[in-house]
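Here's the structure, in structure tokens; my notes come after.
The values are calculated or read from the model by the stated rules, or taken from the named source; none is laboratory data. Only a predicted model underlies this, so the values are computations on that prediction, with no experimental measurement involved. Cβ placement follows ideal geometry from the backbone for every residue including glycine, while neighbour counts extend to all protein chains displayed. SASA here: full protein model, heavy atoms, side chains in, ligands and nucleic acids out. Shrake-Rupley method; radii C 1.70, N 1.55, O 1.52, S 1.80 Å.
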Amino acid sequence: LSPDLNAELRAAADRSFAVLRSAVDQLVTLLPAGKRPPALMMSLHIWAMAHGTASLFGRGDGGRRPLPMTAEELLESQVLIYLQGLG
């Protein structure tokens with residue numbers, strides 16, 4: 001379902017991404033000055049991880065495989081590994 005087809009869905013998607021971007025803006029300030037990636041790039045990386053996780057757990061067809069953790073656990077571990085890589 002494309003957010004562009006529905007103004008309310010687009011507004012909700014924009015608000016959600018703004019919350020993520022705001023959190024990342026704050027998080028970036030905790031990284032060493034010489035190693036700070038652009039906040040927008042980090043936001044897009046985390047958004048992509050969340051989208052992939054949602055796709056894995058949200059499939060309603062025969063392609064879904066059982067996983068040994070919840071979607072929340074998987075996304076949390078992805079983000080922690082990503083942040084550890086940034087220092």
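Taking the convex hull of the Cα atoms, report for the chain its projected area averaged over all directions, in nm².
6.9 nm²
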Using a 1.4 Å probe on the protein chains only, how many percent of the accessible area of the chain belongs to carbon and sulfur?
63 percent
Length-normalised contact order of segment 1-82, Cα under 8 Å, at least 6 apart, in percent, tallies to 21 percent
Estimated inter-spin distance, MET41 and ARG64, nm [label 7 Å along Cα→Cβ]
3.6 nm
In a Gaussian network model of the chain with springs linking alpha carbons closer than 10 Å, the residue among ARG21, ARG36, ARG64 that fluctuates most is ARG64
Over the chain, with the other protein chains present, what is the accessible area per residue in square angstrom, probe 1.4 angstrom?
72 Å²
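On full extension of the chain, what length is gained from ASP14 through ALA48, given 0.36 nm per residue of separation minus the C-alpha to C-alpha distance?
On the way: separation 34, 0.36 × 34 = 12.24 nm, distance 1.49 nm.
So the chain would gain 10.7 nm between ASP14 and ALA48.
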